[in-house]
Amino acid sequence: MRKIKIAAFVIAAVFAGATMTYAQQMKDMKGMHGMNMSQHAKMTTIKGEVVDLACYLTKGEHGAKHEECAQMCINSGLPVGILDKDGHVYLAITANHKPANSLLVQYAAKEVEVTGTVDKRGGMDVVAVDKIEPLNSK
């Protein structure tokens with residue numbers, strides 16, 4: 001019986017230690033906006049086109065010819081992103097972990113400069129948008 005109590009105590013101590021370590025790591029990784037960002041997250045400015053990710057990722061649709069559809073898709077709640085000149089796509093969210101659709105729908109299929117905290121998780125890049133500046137089309 002004593003061995004069971006000792007084993008239970010050791011397991012509880014290990015679990016408590018692991019929980020405190022995990023909690024401290026999450027606290028250390030908190031981004032500027034209370035987001036759980038990795039240690040590599042950083043404030044970045046991205047220039048690119050606002051795209052609805054559903055049409056872009058499934059059919060490659062973007063650009064001025066796709067503006068009306070992009071607005072409709074973004075308004076319907078489908079994910080929105082930024083497509084940079086190198087073909088790199090960033091999922092756009094707000095600084096408080098909400099969809100950025102209402103911020104970006106007016107810029108659908110247009111070029112913008114977005115400043116925000118950029119991070120990568122599971123092979124996906126995300127930008128927590130702080131600031132949006134429209135770019136003049138040339």
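No value in this document is a laboratory result; all are computed from the given coordinates. None of these values were measured; they are calculated from a predicted model. Cβ sites come from the backbone with ideal geometry, for glycine too, and all protein chains shown count toward neighbours.
Remark: spin-label model distance Lys42-Leu135 equals 2.0 nm, labels positioned 7 Å along the Cα→Cβ axis.
Taking label positions 7 Å along the Cα-Cβ direction at both Lys65 and Ser102, the computed distance is 3.4 nm, reported to one decimal. Projecting the alpha carbon convex hull of the stretch 85-138 along each direction and taking the average yields 4.1 nm².
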